[in-house]
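The values are calculated or read from the model by the stated rules, or taken from the named source; none is laboratory data. Because the structure is a prediction, the values reported are computed rather than measured. So basically every Cβ, Gly included, is an ideal-geometry build from the backbone, and we count neighbours across all protein chains shown.
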Amino acid sequence: LATDFIAPPAYALGIDLGGTNARAAVVDANGRIVSSAKRRLDERSPAAVVEAIAAAAQSALDAAPGVAVKACGVGAAGQLRGDTGVVAVAPNLGWREVPLGGLLSKRLARPVRVVNDLKAAAWGEKRAGAALGERDVYTVFVGSGVGSAVIANGQLVLGATGVAGELGHVKMVPGGRRCGCGEDGCLEAYAGGHNLIAQMREAIEAKVATALMTRIDGDLSLLTAAVLEEVAAAGDPVAVRIYEQAVAFLGQAIANQVTVLNPARLILGGGVLLHSPRTYDRIVQGVGLFAARVSREGLKISPAALGDDSGLIGAALLAID
Ligand SMILES: [Zn+2]
């Protein structure tokens, strides 16, 4: 029978490595999750993290009996040294120059490909999510930080040293706020979730009168991007200043990338954007205002579709593809 000669379906392990958890999933070639598992990262040394990943991977594999998994893809929060599997910097893990790909491929006895987590998430959206079938895609994530990934002509753009797409570190204000990267005036220093909170805190600690203080009843740990948006919508001048600056900078920076890249689809994701329809709409509006007309003709804009699973799915698909 002809069906005897059809190649078995391809499966891969996808790993999502954050600062708190390692998640693993067995994923098929269409981006469907067959099984998944998670381990907390109690210790962050490379050896301990490799063991946590291996444990999560084994649980996912055990839950998918009879499935032959040939390769493994990892999306890691940090900067990668090109396609070498070396994590140059992972601030959440306190890592520098860790050969994660080599360590994991030895431990899992499989080829392992390591990419930046946002690039993995963008690939997941392209292959199985909001950008299915598109060849030119720009994906922006606004969460505690700000990042992006470029897919051009159907290929993930890594850049000469592997760090293409660092949208959070485009400079908005020469000599402006200090960013977590050590440089000044970055987009992320004004619009990343951590920095929205930092700016509210600074205003409160400087004893500027603001409704933020009453909204949180004096408990600074209750400050969030959602609180900022709510208090800004009610007209509090301090919240309005911080919020309006953040959405204006995001709109302008993303519009400029659209002008340069001319994507067919722009995807907006990450915690801050996905949980705030108002902020999402403001950014769409900013792109309409600031991207050059010829670059945004026919541009489609949509929210990320795969949520927290985009990185897992994308990492696995990168290993299969
Ligand atoms: Zn920066």
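Elements of the type strands (runs of 3 or more DSSP E) sitting completely within the stretch 58-116 and holding at least 3 residues that are of a type in the set (A, V, I, L, M, F, W, C): these cover 69-76, 87-90, 112-116. The set of residues in the stretch 145-162 being within 15 Å of the chain's Cα centre (by Cα) and assigned to a strand (DSSP E or B) consists of Val146, Gly147, Ser148, Ala149, Val150, Ile151, Leu156. A Cβ distance below 8 Å, combined with a sequence gap of six or more or placement on separate chains, defines the contacts here; from the stretch 178-198, residues that are without any contact (Cβ under 8 Å) to a residue 40 or more places away in the chain and near the ligand (Cβ under 9 Å from one of its atoms) reach residues that are assigned to a helix (DSSP H, G or I) and among the charged types (D, E, K, R) in the pairs Cys179/Glu188; Cys181/Glu188. Residues considered: Leu212, Leu228. Of these, the only one that is modelled with pLDDT of 95 or more, surrounded by 22 or more Cβ atoms within 10 Å (Cβ to Cβ), more than 16 Å from the ligand (Cβ to nearest atom) and within 18 Å of Val146 (Cα to Cα) is Leu228. Candidates in the stretch 77-103 are the residues that are closer than 23 Å to Val27 by Cβ and touching a helix residue (DSSP H, G or I) at 6+ places or on another chain (Cβ under 6 Å); of these, the one that is modelled with the highest pLDDT is Leu103.
Looking only at the stretch 144-158, filter to residues that are surrounded by fewer than 16 Cβ atoms within 10 Å (Cβ to Cβ) and over 14 Å from Val260 (Cβ atoms); which one of those is nearest to the ligand (Cβ to nearest atom)?
Residues of the stretch 144-158 that are surrounded by fewer than 16 Cβ atoms within 10 Å (Cβ to Cβ), as a first pass: 152-155, 157.
Then keep just the ones that are over 14 Å from Val260 (Cβ atoms); that gives 153-155.
Details: Asn153: 28, Gly154: 30, Gln155: 26 Å.
The extreme case among them is Gln155.
Working carefully through the options Gln257, Gln285, find the one that is surrounded by fewer than 18 Cβ atoms within 10 Å (Cβ to Cβ) and modelled with pLDDT of 95 or more. Walk me through how you get there before you give the answer.
Working: Gln257 fails: surrounded by fewer than 18 Cβ atoms within 10 Å (Cβ to Cβ).
Result: Gln285 is the single residue among Gln257, Gln285 that is surrounded by fewer than 18 Cβ atoms within 10 Å (Cβ to Cβ) and modelled with pLDDT of 95 or more.
Annotation note: of Leu289, Leu273, the sole residue that is under 20 Å from the mean Cα position of the chain (by Cα) and not in a loop (DSSP other than H, G, I, E, B) is Leu273.
Looking only at residues of the stretch 164-177 that are in contact with a helix residue (DSSP H, G or I) (Cβ under 7 Å, 6 or more places away or on another chain), aliphatic (A, V, I, L, M) and in a loop (DSSP other than H, G, I, E, B), we find that the one that is farthest from the ligand (Cβ to nearest atom) is Met172. With Arg81, Arg96, Arg39 as the choices, which residue is in contact (Cβ under 8 Å) with a residue 40 or more places away in the chain and among the charged types (D, E, K, R)? Of the residues listed, the single one that is in contact (Cβ under 8 Å) with a residue 40 or more places away in the chain and among the charged types (D, E, K, R) is Arg81.
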